[in-house]
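Enquirer: I have a structure I would like to understand better, so I am pasting it below and will then ask my questions one at a time.
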Amino acid sequence: MTLAILKTASGFWNPLAFVAFFIGVCIIIFILRAFGKKDFKPSKYKADVFFSGNIASEASRVKASDLFWGFFEAMKPYYNLITKIHTGIINDYALWYVIVASLLLTVLTLGVLQWA
Amino acid sequence: MFNILHVAAHSIFIITLALLLSLLFNGLERKLIARMQARIGPPIIQPFLDIKKLFIKENIVPANSIKWLFNAMPLVALASALLLFLYMPFAGMPPLLQAHGDLILVLYLFIIPPLALAIGAFASASPYASIGAQREIVLMMSYEFVLSVVVIAFAWLLSFSHAGAYAFSFDTLTAYPIWNLVDGIGKLGVALLLVSALAVFPAKVAKLPADISEAKTEIAEGVLVEYSGRNLALLLMAQAVQALAFASLIVALFFPWNISAFLALPSIFALIADFIFFLVKTFAIMFASLILVSAATARLKVDQAARIYIYYVFLLALFGLAFIGLDRLLVM
């Protein structure tokens with residue numbers, strides 16, 4: 001068990017212990033769940049899903065593109081800026097590459113100079 | 001062999017205690033919120049009665065759902081929520097699996113119950129459940145930023161003050177309470193981190209003002225709408241357990257002291273005193289960040305909640321981190 005512990009400088013975990021205890025707890029809950037009523041008596045409409053009083057159609061499901069709506073709405077200023085920057089022109093992307101690379105190089109040089 | 005049996009018995013004791021305490025706290029929370037709103041409210045044992053009733057109700061599975069996923073997710077949600085108590089200090093005792101997992105693992109475990117809830121909701125093929133699941137995921141993406149800053153602040157500080165120790169280990173975190181590692185402005189930083197963690201609490205356990213994934217009056221319980229019978233019972237238990245687990249995490253991070261250390265009691269009395277002290281601390285956390293807030297606020301919209309967590313609470317946590325950093329600079 002001890003051999004299976006994965007360690008870094010500041011943390012550790014044992015995947016084997018995790019899996020073993022997760023399965024153990026799942027078994028306990030499975031037994032607990034077995035005390036509940038297992039099934040239901042089928043009847044008309046009982047297992048149907050409704051949306052505003054009508055049986056829900058495929059069209060009434062949430063689209064994958066809307067999945068993160070609230071997040072995009074909250075981050076609108078950021079996404080507006082990012083969308084504006086994405087011009088689709090290769091020269092602009094190259095320019096961004098040069099700017100970011102030069103910034104990183106500056107930080108790196110300053111760091112090296114400080115340690116030296 | 002004896003060791004395995006002992007660990008198994010200890011685990012069963014911890015998860016049973018956690019389950020019972022969670023439901024009891026849930027009942028207390030409902031009662032207190034009702035009293036604050038001038039209602040009589042349900043009896044404190046109402047969650048137990050609800051679970052008992054749900055176990056004798058029909059377990060309806062929607063016709064167009066992915067059945068195995070729909071049935072499996074409540075089990076996964078409750079199992080991962082209960083597993084948290086084996087990795088965290090609980091009821092005044094050190095964690096059973098202290099040597100097998102740290103704070104990072106606990107944070108990941110905290111993500112599983114809401115994620116399982118969202119997957120189960122998507123599997124139900126209900127539009128209301130899908131909207132609830134979508135909101136749950138958005139909310140999760142928003143508050144996880146804050147929690148990561150809180151955890152980084154702890155680890156960063158401990159890596160300075162106790163180099164060589166595992167900064168994410170609960171053993172280290174409880175041995176060196178964060179308040180003792182900082183002075184002046186650093187204490188203000190820790191207080192800001194505490195406020196940020198408390199602000200995340202309602203969203204983490206889907207309570208007002210951040211119960212947008214369920215939103216009874218808008219989307220008819222959202223993620224829970226298609227669940228019934230024993231599946232719903234498991235999900236309600238998972239939510240109650242998660243609330244106690246998050247309160248226990250805040251206690252373990254910010255208030256890890258045990259009262260027996262100050263009173264020099266004999267071992268059995270020390271155990272009881274620490275247990276009672278843990279209950280008091282956990283209740284205080286729940287009262288401050290769940291009960292008071294839930295009784296006094298209305299539900300936020302999903303984009304409002306995301307904005308509050310991404311900008312304001314995140315900034316608050318960043319200020320906390322910055323103040324702790326400033327304190328370290330002043331010490332150096």
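The values are calculated or read from the model by the stated rules, or taken from the named source; none is laboratory data. Computed from a predicted model, the values in this text were never measured in an experiment. Cβ sites come from the backbone with ideal geometry, for glycine too, and all protein chains shown count toward neighbours.
Enquirer: How do the pairs read when you match residues in region B:34-59 that are away from chain A (no Cβ under 14 Å) with residues anywhere that are among the β-branched types (Val, Ile, Thr) and surrounded by 15 or more Cβ atoms within 10 Å (Cβ to Cβ), using Cβ under 8 Å and keeping only pairs 6 or more apart or on different chains?
Expert: Qualifying pairs under 8 Å: B:Met36/B:Ile291; B:Gly41/B:Ile33.
Enquirer: Something else now. Output the residues belonging to region B:135-182 that are closer than 14 Å to B:Ala252 by Cβ, in a loop (DSSP other than H, G, I, E, B) and away from chain A (no Cβ under 12 Å).
Expert: Correct list: B:Tyr176, B:Pro177.
Enquirer: Right, next: Condition (residue is of a type outside the set (Phe, Trp, Tyr), at positive phi and out of contact with any Ser or Thr (no Cβ under 6 Å at 6 or more places or on another chain)) applied to region B:251-267: is it met by at least one residue?
Expert: Scanning region B:251-267, I find at least one residue that is of a type outside the set (Phe, Trp, Tyr), at positive phi and out of contact with any Ser or Thr (no Cβ under 6 Å at 6 or more places or on another chain), so the answer is yes.
Enquirer: How many residues does region A:38-60 contain that are at the interface with another protein chain (Cβ under 7 Å from one of its Cβ atoms) and either touching a strand residue (DSSP E or B) at 6+ places or on another chain (Cβ under 9 Å) or part of a helix (DSSP H, G or I) (or both)?
Expert: Count: 4.
Enquirer: While we're looking at this one, here's another question. Can you confirm whether region B:201-213 contains a residue that is in contact with a helix residue (DSSP H, G or I) (Cβ under 8 Å, 6 or more places away or on another chain), part of a helix (DSSP H, G or I) and β-branched (Val, Ile, Thr)?
Expert: no
Enquirer: Can you spot a residue in region A:5-16 that is more than 9 Å from chain B (Cβ to nearest Cβ), in contact with a Pro (Cβ under 9 Å, 6 or more places away or on another chain), exposed (fewer than 14 other Cβ atoms within 10 Å of the Cβ) and not in a helix (DSSP H, G or I)?
Expert: yes
Enquirer: Considering only residues that are outside any helix (DSSP H, G or I) and within 27 Å of A:Asp66 (Cα to Cα), which ones fall in region B:296-327?
Expert: Hits for region B:296-327 are B:Ala298, B:Arg299, B:Leu300, B:Lys301.
Enquirer: Would you point out which residue out of B:Val205, B:Val200, B:Val138, B:Val182 is modelled with pLDDT of 90 or more and on the phi < 0 side of the Ramachandran plot?
Expert: Being modelled with pLDDT of 90 or more and on the phi < 0 side of the Ramachandran plot holds for just one of B:Val205, B:Val200, B:Val138, B:Val182, which is B:Val200.
Enquirer: Which numbered condition in (1) aliphatic (A, V, I, L, M); (2) assigned to a helix (DSSP H, G or I); (3) within 15 Å of B:Tyr227 (Cβ to Cβ) is the only one that B:Ile33 fails?
Expert: B:Ile33 satisfies every listed condition except (3).
Enquirer: Which one of the conditions (1) part of a loop (DSSP other than H, G, I, E, B); (2) buried (at least 20 other Cβ atoms within 10 Å of the Cβ); (3) in contact with a Gly (Cβ under 9 Å, 6 or more places away or on another chain) does B:Pro62 fail to meet, given that it meets all the rest?
Expert: The failed condition is (3).
Enquirer: Let me ask something else about it. Cβ-Cβ distance below 8 Å, separation of 6 or more or different chains: which pairs start in region B:96-122 with a residue that is among the basic types (Lys, Arg) and end on one that is not in a helix (DSSP H, G or I)?
Expert: Every condition considered, no pair remains.
Enquirer: If you go through region A:17-37 one residue at a time, do you hit one that is more than 10 Å from chain B (Cβ to nearest Cβ), on the phi < 0 side of the Ramachandran plot, part of a helix (DSSP H, G or I) and surrounded by fewer than 10 Cβ atoms within 10 Å (Cβ to Cβ)?
Expert: Checked against the condition, which is being more than 10 Å from chain B (Cβ to nearest Cβ), on the phi < 0 side of the Ramachandran plot, part of a helix (DSSP H, G or I) and surrounded by fewer than 10 Cβ atoms within 10 Å (Cβ to Cβ), region A:17-37 yields at least one hit.
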